[in-house]
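The values are calculated or read from the model by the stated rules, or taken from the named source; none is laboratory data. Only a predicted model underlies this, so the values are computations on that prediction, with no experimental measurement involved. So basically every Cβ, Gly included, is an ideal-geometry build from the backbone, and we count neighbours across all protein chains shown.
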Amino acid sequence: MQWASPFPIDHFPHVRHDHGMADSSDPSRVEIGAISLNLTPEVGADDLMIWVRVVPAGKEGLRVYGRSLLPDELDDGRKIVVNRSIGETLHFRPGSVRFSIQDVDRLSKAGPDGYRPITNTIWRWLSLGNPASPEQFRYLLAAGRRLDGTHAILMQVSQLMGDESGGFYQFTERFMRALALSEILAVSLGRTVDLLDGVHSRIGVALPLPTQIDVKKAGIRKLRNAFEHIEDRALGQVNGQPHPDAVSVFEQRAFITKGELTYAGFTLGLRDELPQLLLAARDYVFGAAVKIAGDARVMNVPLNPFGE
């Protein structure tokens, strides 16, 4: 399994019809509602990369044709029906099957705040879409992982801060744990912002940074540096030199009362502001993947999932 470089598209010759169902009264009559690209030709194997809905596209004698749904086409639930008992076979003409990044991304499920993990989408689409350079693949995959990791830590912090059970001891214990996680969160967020901010200069993808990230990036970096170099700030220093703002990283009253991290006059709200910022960051990573690998890939060879 390749995790750090893209697969070439011809590494996925296995188009399967796992979504077909036989009529119980006539097992040779098969209904097919989707086809997929997989790592192996074994029907039923757990190796799905992407699947797409398919619908009937006419017949020529015993040749039954299908196609994928068109972009924005209403899905009325139609399936392709192939009667094997009379010798019918299933075929897809060149250009009739279209896989898109949206087909991959719909598999990612949203959490309570609406955020959906992006790394799996990036890994799959940069492997299946138009070719990405190894540097682009690694860079955007790293950005996706840092972003998903930042969100995962935020969810842990939110859970701790939303827990009102127990007494004062339990409260202070949760507060200390939540603040510790928030320090790691700030570091991860800062690295995420650095990766996104470097998409143009480092991997050549011309995509403007979302405004809500652009206006906060300098403050996020200062916050990140303060928590990442907490040993320096504990001594009242920045870069080894005395600094009047250094110890302000320890003054986190707003973290308890408002769910905000503060440093040197900068404020980052964890309850509302950061979730919205992460959603914008997700859209940005998604858009960068489209810029690199396109939004869809059309199979320009004839396909015969039954292998006949």
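Do we find that ASP232 is part of a helix (DSSP H, G or I), without any contact (Cβ under 8 Å) to a residue 60 or more places away in the chain and not assigned by TED's automatic domain parsing to the domain that holds GLY66 in this structure?
In short, yes.
Given the conditions (1) part of a loop (DSSP other than H, G, I, E, B); (2) hydrophobic (A, V, I, L, M, F, W, C); (3) out of contact with any Lys or Arg (no Cβ under 9 Å at 6 or more places or on another chain), which single one is not true for LEU107?
(3)
Only one of (1) over 14 Å from the mean Cα position of the chain (by Cα); (2) part of a helix (DSSP H, G or I) is not met by PRO131, so which one is it?
The one condition PRO131 does not meet is (2).
Going by the structure shown, is THR150 in contact with an Asp or Glu (Cβ under 6 Å, 6 or more places away or on another chain), buried (at least 22 other Cβ atoms within 10 Å of the Cβ), among the polar types (S, T, N, Q) and closer than 30 Å to SER100 by Cα?
no
Can you tell me which residue within the range 38-84, out of those that are among the basic types (Lys, Arg) and either in a loop (DSSP other than H, G, I, E, B) or touching a Cys at 6+ places or on another chain (Cβ under 7 Å) (or both), is nearest to VAL301 (Cα to Cα)?
Restricting to residues being among the basic types (Lys, Arg) and either in a loop (DSSP other than H, G, I, E, B) or touching a Cys at 6+ places or on another chain (Cβ under 7 Å) (or both), the top hit is LYS79.
What is the number of the single condition among (1) within 16 Å of LEU185 (Cα to Cα); (2) surrounded by fewer than 20 Cβ atoms within 10 Å (Cβ to Cβ) that VAL290 does not meet?
All conditions are met except number (1).
When the range 235-257 is examined, which residues are found to be under 34 Å from the mean Cα position of the chain (by Cα), surrounded by 13 or more Cβ atoms within 10 Å (Cβ to Cβ) and either among the polar types (S, T, N, Q) or in a loop (DSSP other than H, G, I, E, B) (or both)?
Result: GLN252, single match.
Tell me, which residue of the range 85-104 that is assigned to a loop (DSSP other than H, G, I, E, B) and not small (Gly, Ala, Ser) is farthest from the chain's Cα centre (by Cα)?
Checking each candidate, the answer is GLU88.
Just to be sure, is ALA180 at pLDDT 95 or above, touching a strand residue (DSSP E or B) at 6+ places or on another chain (Cβ under 6 Å), assigned by TED's automatic domain parsing to the domain that holds GLY259 and part of a helix (DSSP H, G or I)?
Judged against the criteria, ALA180 is not a match.
Tell me which residues, restricted to the range 199-229, are assigned to a helix (DSSP H, G or I), hydrophobic (A, V, I, L, M, F, W, C) and surrounded by 16 or more Cβ atoms within 10 Å (Cβ to Cβ).
Hits for the range 199-229 are VAL199, ILE203, ILE213, ILE220, LEU223, ALA226, PHE227.
Residue-wise test of (1) in contact with a helix residue (DSSP H, G or I) (Cβ under 7 Å, 6 or more places away or on another chain); (2) assigned by TED's automatic domain parsing to the domain that holds ILE203.
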residue: GLY240; (1), (2): yes, yes
residue: HIS243; (1), (2): no, yes
residue: SER248; (1), (2): no, yes
residue: GLU260; (1), (2): yes, yes
residue: GLY269; (1), (2): no, yes
residue: GLY287; (1), (2): no, yes
residue: PRO302; (1), (2): no, no
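Can you find a residue that is buried (at least 17 other Cβ atoms within 10 Å of the Cβ) and either over 24 Å from HIS151 (Cα atoms) or free of Cβ contacts under 8 Å to residues at least 12 places away in the same chain (or both) anywhere in the range 259-278?
There is at least one residue in the range 259-278 that is buried (at least 17 other Cβ atoms within 10 Å of the Cβ) and either over 24 Å from HIS151 (Cα atoms) or free of Cβ contacts under 8 Å to residues at least 12 places away in the same chain (or both).
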